[in-house]
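The values are calculated or read from the model by the stated rules, or taken from the named source; none is laboratory data. These numbers were taken from a predicted model, which means no experiment stands behind them. Cβ placement follows ideal geometry from the backbone for every residue including glycine, while neighbour counts extend to all protein chains displayed. All accessible areas refer to the heavy atoms of the entire protein, side chains included, with ligands and DNA or RNA removed. Shrake-Rupley method; radii C 1.70, N 1.55, O 1.52, S 1.80 Å.
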Amino acid sequence: MRSRLVSLFAAASLAAFAAGATAQTVKIGVVLTYTGVGAEFAQQIDRGMQMFVKLNPNAFAPYKVELVKRDAKNPGGADAKTAAQELITQDKVDIITGVIYSSNAIAMEPVVTAAKKPFLIMNAGTAWITNLSPVIARVSFSMWHAGHAMGDAAAKMMKAKTAVVGYTDYPPGKDSLIAFKTAFEAAGGKVIDEIPMGGPGKVPDFTPFFQRAKDRKPDVFFVFVPAGDHAVGVMKTYGALGMKQAGIRLIGPGDITQDTKLQSMGDAAVGLITVHHYNANLDNPANKRLVAAWKKEYGADSTPDFMAVQGYDGMAAIAHGVRANKGKLDADSFINSLRGWKFDSPRGPISIDPRTRDIVMNEYLSELTKSGGRLVQKNIGTIPAVKDMCKELRVDRCGK
Ligand code: PHB
């Protein structure tokens, strides 16, 4: 059974209709894991996309936008590939977007490349994905944005000398390991163990992996898991094994401190240092506006997280591409119109690097603190305008 959900945003202004303009409809194919392990992520991106349209009702004018949504179901790749094929051949979409898991983006790439459809990535973080095809641009992040910055901060700010790295064993996990290690060792640290910790499709029992890390007695334990329930499992195991009391500091990209999961993490998470491009506590006008509108729409206890903001910014990028190309979305012109595009995002100023088609953005160093009985992100430093360092330094597969 294939799932097909369609929604229409009437973005054309009434004034344009009154003037007799034809409202051309742009079809956007959205591939997300609407069910299964990544369902909460999909909901965040979906809501972020809707929030952009709600807060910027004329962004697409005079064009109408139709979203055709397909379920990628799991991180396995095969269902995501079929979804992309169907969106292109049956639904005749103009652009493909969404995608939580790198494995799915990698599986979809030959399909979008052969069809010459623009492919705008709203999450998948493996650095080299954008090098696979000129039809790809990314508004989310590369694992190197946070991983490399965290490696540098661990050595220079936290004065760590030794690290163990634990990572979910698929492309963004391996990328996070290389990113962290490259910066940490360049600044004088040493990675003394590298631990693959299961796959993205199911939350593993982290106990044996964390026990191995604890036995190595590193100064810091850098962990990448694909956010959500994986991250809650990380925090619970870190607490249960008494690693904090043993003097091992847990660090990582902000995937392990996703805003939507903070309150399920327990007190072991207090003091955790992460680097990321977004948390709901960021103090800027665009973020305050988004968070207030979000709470009004989805409830006082709800919050956008980094995936929501990536959906929001993705819609902003598509709106720009649609208008810049007067509704004609061939891959070359759409991607070219994004080169150098700048936007005032809830995560701070962002742009698309004209050379790499990847995002340039601030990275924020945060400490998890407790305030009024709740875990909150305290922002303790900003690294401005960070590029994907994998492509800048040409390390490993980004040296192509
Ligand atoms: C990915 O598969 O690229 C991915 C998924 C979830 C994350 C980060 C990266 O939190």
key: Accessible area of the chain belonging to carbon and sulfur atoms, whole % at 1.4 Å probe   = 53
request  = Measure nothing fancy, just the Cα-based angle from helix 306-324's long axis to the longest principal axis of the chain, in degrees from 0 to 90, nearest 10.
outcome  = 30
ask   = For the chain, what is the relative contact order in percent, using Cα pairs closer than 8 Å and at least 6 residues apart in sequence?
value = 16
inquiry  = So if I place +1 on the C-beta of Lys and Arg and -1 on the C-beta of Asp and Glu, and nothing else carries charge, what would the dipole magnitude of region 192-288 be about its Cα centre? I want it in debye, nearest 20.
reply    = 160
query = Rolling a 1.4 angstrom probe over the protein heavy atoms, how many square angstrom per residue are accessible across region 99-211?
reply = 29
key: Helix-only mean residue ellipticity at 222 nm for the chain, each DSSP H run of n ≥ 4 adding -39500 (n - 2.57), per residue, nearest 500   = -11500 deg cm²/dmol
task = Would you kindly find the accessible area of residue 332, with a 1.4 Å probe and non-protein molecules such as ligands, DNA and RNA excluded, rounding to the nearest 10 Å²?
result = 110
ask   = Can you give the net charge of the other residues whose Cβ lies under 13 Å from the Cβ of residue 143, counting K and R as +1 and D and E as -1?
value = -1
task = Once you've got the Cα coordinates, tell me which of 159/217; 69/342; 116/326; 64/295; 202/296 are over 22 Å apart.
result = 69/342; 64/295; 202/296
ask   = By average Cβ neighbour count within 10 Å, what is the ranking of 55-64, 342-351, 144-153 from highest down?
value = 144-153, 342-351, 55-64
query = Does region 135-231 come out rounded, prolate or oblate by the C-alpha gyration tensor, with a ≥ b ≥ c the root eigenvalues, rounded set by a/c under 1.5 and, if not, prolate when a/b is larger than b/c and oblate if not?
reply = oblate
key: For peptides 303-310, 189-196, sequence by mean Cβ density within 10 Å, most packed first   = 303-310, 189-196
inquiry  = Tell me whether region 174-243 comes out rounded, prolate or oblate; compute the Cα gyration tensor, take square roots of the eigenvalues as a ≥ b ≥ c, and use a/c under 1.5 as the rounded threshold.
reply    = oblate
inquiry  = Using Cα springs under 10 Å in a Gaussian network model of the chain, which residue among 132, 282, 329 shows the largest mean-square fluctuation?
reply    = 132
query = If one takes the longest principal axis of the Cα atoms in the chain, at what angle in degrees, from 0 to 90 and to the nearest 10, does the Cα axis of helix 143-156 lie?
reply = 30
message = Can you compute the modelled spin-label distance between residue 246 and residue 344, with each label point 7 Å from Cα toward Cβ, in nm?
response = 4.9
ask   = Which residue, chosen from 235, 158, 338, occupies the Cα position most advanced towards the positive end of the dipole of the chain, where the dipole is computed from +1 (Lys, Arg) and -1 (Asp, Glu) charges on Cβ about the Cα centre?
value = 338
task = With a point put 7 Å past each Cα toward its Cβ, work out how far residue 229 is from residue 66 in nm, to one decimal.
result = 3.5
task = Using the charge dipole of the chain (Lys, Arg: +1 at Cβ; Asp, Glu: -1 at Cβ; taken about the Cα centre), state which of 271, 143, 352 has its Cα farthest towards the positive end.
result = 352
remark   = Ranked by GNM mean-square fluctuation in the chain (Cα springs under 10 Å), the top entry among 89, 25, 207 is 89
query = What angle, in degrees between 0 and 90 and rounded to the nearest 10, separates the Cα long axis of helix 285-298 from the longest principal axis of the Cα atoms of the chain?
reply = 80
inquiry  = Less than 10 Å Cβ to Cβ from residue 195, Lys/Arg counted +1 and Asp/Glu -1: what total charge do the surrounding residues give?
reply    = -1
message = With +1 on the Cβ of every Lys and Arg and -1 on the Cβ of every Asp and Glu, and nothing else charged, how large is the dipole of the chain about its Cα centre, in debye rounded to the nearest 20?
response = 340
task = Would you please give the FRET efficiency between residue 89 and residue 332, computed as 1/(1 + (r/R0)^6) with r the Cβ-Cβ distance and R0 = 25 Å, to the nearest 0.05?
result = 0.75
request  = Take each of the peptides 271-278, 75-82, average the number of other beta-carbon atoms within 10 Å over its residues, and list them starting from the highest.
outcome  = 271-278, 75-82
query = If you take the square roots of the eigenvalues of the alpha-carbon gyration tensor of region 266-400 and sort them as a ≥ b ≥ c, do you get rounded (a/c under 1.5), prolate (a/b over b/c) or oblate?
reply = oblate
ask   = What is the dipole size for region 148-206, taken about its Cα centre, with +1 at each Lys and Arg Cβ and -1 at each Asp and Glu Cβ, in debye to the nearest 20?
value = 220
request  = With springs only between Cα atoms under 10 Å apart, run a GNM on the chain and tell me which of 179, 286, 127 wobbles the most.
outcome  = 286
remark   = Bridge orientation stat for the chain from DSSP, antiparallel percent rounded to 5, came to 45
inquiry  = Give me the one-decimal nm value for the distance between modelled label points at residue 382 and residue 301, 7 Å along each residue's Cα-to-Cβ direction.
reply    = 3.3
query = If Lys and Arg each add +1 and Asp and Glu each add -1, what is the summed charge of the other residues whose beta carbon sits under 14 Å from the beta carbon of residue 154?
reply = +1
